[in-house]
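What follows is a set of notes on a single structure, which appears directly below.
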Amino acid sequence: MSISTKRVLMKVTLALSFAILSFAHASAQLTTIYSDFATPPAPLYNSSSGWLVSGSASPYGAYAEAMAFTPTVTRKLDFVDVAMSYYSGSPLFNVELRKDCGGLPCGGPAMYTWTAMTATFTYGTCCGIERTPTDADQAAFAGRQYWIVASVKPGSDAALVWNMNNIGATGNLALSTDGGLSWTHYSAQLAAFDALGH
């Protein structure tokens, strides 16, 4: 066997080993870090009420929504499920994981961003959820507040609804009308979401 052939085989072996390890991590049992979804057979969330997530070209103007959560145990956050439903315009939206800065989502780069997710369930129907497509693998420390942010791209005509939870969970919310450059804090009923990790 030539040296070049050995090198190719070594590269293939390493690539396969990495793929197997990545698959094993992604397939590991996920732990719920936070959730305000109801427990079946109850509806997972309130399908007739929610927070508007929309773009500047929509009839409603630009609205980004952020929901706060505080882990009770330290975990690596992998995926997020959101109860995002489609109302009009583009169905595409983005989800971000952000740290807390003085009770509001931190500015600058997010801890992790999932782009071009699709709201596949129509507002008023129950109870589909949208899961972030890639593993964030970000440390979320117990006792620290974090934010899940839902927004659409600048200039979008999207009008989506982040449905509220129906278990009475309230907490810290933040609203932005300028693409996340500034945020307004308020306390109210949270949208329905969870954070999963390992």
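The values are calculated or read from the model by the stated rules, or taken from the named source; none is laboratory data. None of these values were measured; they are calculated from a predicted model. We place every Cβ from the backbone using ideal geometry, glycine too, and count neighbours over all the protein chains shown.
Report, by residue number, each residue of the range 111-137 that is over 21 Å from Ala192 (Cβ atoms) and over 12 Å from the mean Cα position of the chain (by Cα). Passing the criteria: only Asp137.
Given the conditions (1) at positive phi; (2) outside any strand (DSSP E or B), report the number of the one that Ala116 does not fulfil. Against the list (1) at positive phi; (2) outside any strand (DSSP E or B), Ala116 comes up short only on (2). Checked against the criterion of being touching a residue at least 60 places away in the same chain (Cβ under 8 Å) and surrounded by fewer than 17 Cβ atoms within 10 Å (Cβ to Cβ), the candidates Gly102, Gly168, Gly107 yield just one match: Gly107. For the subset of the range 120-147 comprising residues that are touching a residue at least 60 places away in the same chain (Cβ under 8 Å) and among the charged types (D, E, K, R), which member is surrounded by the most Cβ atoms within 10 Å (Cβ to Cβ)? So the residue we want is Asp135. Selection of the range 1-60 for residues being surrounded by 10 or more Cβ atoms within 10 Å (Cβ to Cβ), at pLDDT below 90, under 22 Å from the mean Cα position of the chain (by Cα) and not in a loop (DSSP other than H, G, I, E, B) yields Ser22, Phe23, His25, Ala26. Scanning the range 131-163 for residues that are more than 16 Å from Leu52 (Cα to Cα) and of a type in the set (Asp, Glu) yields Asp135, Asp137. Comparison of Ala66, Ala150 shows that the only residue that is surrounded by 15 or more Cβ atoms within 10 Å (Cβ to Cβ), touching a residue at least 12 places away in the same chain (Cβ under 8 Å), part of a strand (DSSP E or B) and touching a Pro at 6+ places or on another chain (Cβ under 8 Å) is Ala66. Scanning the range 128-137 for any residue that is of a type in the set (Asp, Glu), under 14 Å from Ala68 (Cβ atoms) and in contact with a Lys or Arg (Cβ under 9 Å, 6 or more places away or on another chain) turns up nothing. From the list Ala142, Ala136, Ala110, the one residue that fits, being farther than 30 Å from Pro41 by Cβ, among the small types (Gly, Ala, Ser) and touching a Pro at 6+ places or on another chain (Cβ under 7 Å), is Ala142.
Consider Arg75 carefully, then state whether it is surrounded by 21 or more Cβ atoms within 10 Å (Cβ to Cβ) and in contact with a Pro (Cβ under 8 Å, 6 or more places away or on another chain).
Values: surrounded by 21 or more Cβ atoms within 10 Å (Cβ to Cβ): yes; in contact with a Pro (Cβ under 8 Å, 6 or more places away or on another chain): no.
Against the criterion (surrounded by 21 or more Cβ atoms within 10 Å (Cβ to Cβ) and in contact with a Pro (Cβ under 8 Å, 6 or more places away or on another chain)), Arg75 does not qualify.
Take Ser187 and tell me if it is in a loop (DSSP other than H, G, I, E, B), surrounded by fewer than 22 Cβ atoms within 10 Å (Cβ to Cβ) and over 19 Å from the mean Cα position of the chain (by Cα). Outline the logic, then answer.
On the way: in a loop (DSSP other than H, G, I, E, B): no; surrounded by fewer than 22 Cβ atoms within 10 Å (Cβ to Cβ): yes; over 19 Å from the mean Cα position of the chain (by Cα): yes.
So Ser187 fails the test.
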